[in-house]
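Asks: Below are the structure tokens for one structure; questions will follow.
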Amino acid sequence: MTKAKDLRNESNEQLVSMVADLEKELFDLKNEMALSHKVEKSHQMCEKRRNIARIKTILSERAHKEQGAKASGTR
């Protein structure tokens, strides 16, 4: 599990790349589970979804912070 504290030290480009990788891994896991009908890796799906949400939250926070800085700088 990746901690949000560690993710905040990464650049936006790295975070976007991580999201793409995690989404591909999640897609592969879903396909594997659908084809094999095994529930052995169900915890990994939940973990990957949560990591994707963590990263997207950090990216969203950064976007809002940048918009706030731009808005306050134009006054």
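The values are calculated or read from the model by the stated rules, or taken from the named source; none is laboratory data. From a predicted model like this one, the values you see are computed outputs, not experimental measurements. Here Cβ is always computed from backbone atoms with ideal geometry, including for glycine, and neighbour counts include all displayed protein chains.
Asks: For the condition over 18 Å from A4 (Cα atoms) and of a type outside the set (D, E, K, R), what is the one hit in L22, L26?
Replies: Values: L22 fails: over 18 Å from A4 (Cα atoms).
Result: L26 is the single residue among L22, L26 that is over 18 Å from A4 (Cα atoms) and of a type outside the set (D, E, K, R).
Asks: So C46 ticks every box in (1) exposed (fewer than 14 other Cβ atoms within 10 Å of the Cβ); (2) modelled with pLDDT of 95 or more; (3) among the hydrophobic types (A, V, I, L, M, F, W, C) but one. Which box is left unticked?
Replies: Among (1) exposed (fewer than 14 other Cβ atoms within 10 Å of the Cβ); (2) modelled with pLDDT of 95 or more; (3) among the hydrophobic types (A, V, I, L, M, F, W, C), C46 violates only (2).
Asks: (1) acidic (D, E); (2) more than 14 Å from K3 (Cα to Cα); (3) surrounded by 11 or more Cβ atoms within 10 Å (Cβ to Cβ): which one isn't true of E40, the others all being true?
Replies: All conditions are met except number (3).
Asks: For T2, work out the one condition from (1) at pLDDT 95 or above; (2) outside any helix (DSSP H, G or I) it doesn't fulfil.
Replies: (1)
Asks: Hey, another quick one. One residue is enough: does segment 29-38 have a residue meeting the conditions within 18 Å of the chain's Cα centre (by Cα) and either assigned to a helix (DSSP H, G or I) or touching a residue at least 60 places away in the same chain (Cβ under 8 Å) (or both)? Talk me through it step by step, then tell me what you get.
Replies: Kept after step one, since they are within 18 Å of the chain's Cα centre (by Cα), are these residues of segment 29-38: 29-30.
If we keep only those that are either assigned to a helix (DSSP H, G or I) or touching a residue at least 60 places away in the same chain (Cβ under 8 Å) (or both) too, we end up with 29-30.
Checked against the condition, which is being within 18 Å of the chain's Cα centre (by Cα) and either assigned to a helix (DSSP H, G or I) or touching a residue at least 60 places away in the same chain (Cβ under 8 Å) (or both), segment 29-38 yields at least one hit.
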